[in-house]
Amino acid sequence: MSGALRVLIVDDEAHARTNLRLALAALPGGVVAAECAGAAAARAFLATDHADIVLLDVQMPVESGLDFARELSRQPLPPLVVFVTAHRGHALDAFDAHALDYLVKPVNEQRLRQALERAAQLLEQRAAYTQALRRFVDPAPGWWTEVVVRSVGRMDRVDLADVRWIEAAGNYVELHVAERTWLHRSTLAELEAHLDPAQFLRIHRRILVRRAEMAALRQVQEGSWILTLRGGGELPVSERHVAAAKGALGA
């Protein structure tokens with residue numbers, strides 16, 4: 001890790017700020033730029049100084065960490081955000097997908113080290129990170145045209161116009177394009193809610209396909225159907241969705 005990251009700690013609990021400061025002092029690569037008890041103080045600090053990364057408490061009085069992250073996301077090049085929380089919950093999956101990272105109190109030193117390392121790797125990709133954060137905390141109206149896929153140390157923008165089909169893989173989805181498959185942290189249902197139904201069709205509980213890729217449908221046995229794709233390849237079609245597939249091909 002070259003150079004020290006300037007870290008802004010934002011937490012309404014004094015002991016939590018102390019714990020983070022002491023943990024950072026024991027690690028290479030990070031220096032505490034300031035400690036703030038709330039979003040207002042953090043906003044005032046950032047108006048005259050800068051931070052590379054913000055360790056941001058999720059639940060704070062007056063203004064939540066998520067509200068402050070929403071404000072930061074509108075800046076041209078905001079600091080990287082790591083959420084800090086005392087509670088595990090469903091929202092953490094979203095934080096993990098769209099924020100740089102999250103830490104659970106009491107903060108584990110190894111997890112804090114990992115967060116700093118990821119921040120250092122992503123500083124040069126801050127534009128892509130900004131788009132991902134903005135999409136999570138302040139989603140734009142309308143159907144998505146791209147997604148930002150995060151992997152260790154990098155973020156990549158995937159144009160949904162290039163995606164041939166999407167397949168569920170647990171808490172992830174596989175985005176199949178011509179040359180490769182991207183793994184994106186989202187459930188199929190979550191992603192489908194943001195996709196234009198005129199472009200993508202569900203043909204199976206685990207699969208969405210681009211309508212333009214649909215070439216032919218054939219029955220292989222009772223209740224079992226196969227869809228042939230224009231670009232090559234075949235996908236299963238469940239009996240529940242076969243009528244919609246027939247309609248799409250007929251149209």
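The values are calculated or read from the model by the stated rules, or taken from the named source; none is laboratory data. Every value quoted in this text rests on a predicted model; they were computed, and no experiment measured them. FYI the Cβ positions are ideal-geometry reconstructions off the backbone, even for glycines, and counts take in every protein chain you see.
Residue-wise test of (1) among the charged types (D, E, K, R); (2) within 22 Å of GLU174 (Cβ to Cβ); (3) in contact with a strand residue (DSSP E or B) (Cβ under 6 Å, 6 or more places away or on another chain).
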| position | (1), (2), (3) |
| --- | --- |
| ARG202 | yes, yes, yes |
| VAL209 | no, yes, yes |
| VAL220 | no, no, yes |
| ILE226 | no, yes, yes |
| GLY233 | no, yes, no |
| ALA243 | no, no, no |
| GLY247 | no, no, no |
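In this structure, does GLY142 turn out to be part of a loop (DSSP other than H, G, I, E, B) and either over 30 Å from ASP101 (Cα atoms) or touching a Lys or Arg at 6+ places or on another chain (Cβ under 6 Å) (or both)? Talk me through it step by step, then tell me what you get.
Values: part of a loop (DSSP other than H, G, I, E, B): yes; either over 30 Å from ASP101 (Cα atoms) or touching a Lys or Arg at 6+ places or on another chain (Cβ under 6 Å) (or both): no.
Judged against the criteria, GLY142 is not a match.
For ALA86, state whether it is of a type in the set (Gly, Ala, Ser), in contact with a Lys or Arg (Cβ under 6 Å, 6 or more places away or on another chain) and at pLDDT below 90. Can you show your working first?
Working: of a type in the set (Gly, Ala, Ser): yes; in contact with a Lys or Arg (Cβ under 6 Å, 6 or more places away or on another chain): yes; at pLDDT below 90: yes.
So ALA86 passes the test.
Taking the options TRP182, TRP225, name whichever one is more than 26 Å from the chain's Cα centre (by Cα) and without any contact (Cβ under 8 Å) to a residue 60 or more places away in the chain.
When all the criteria are applied, what remains is TRP225.
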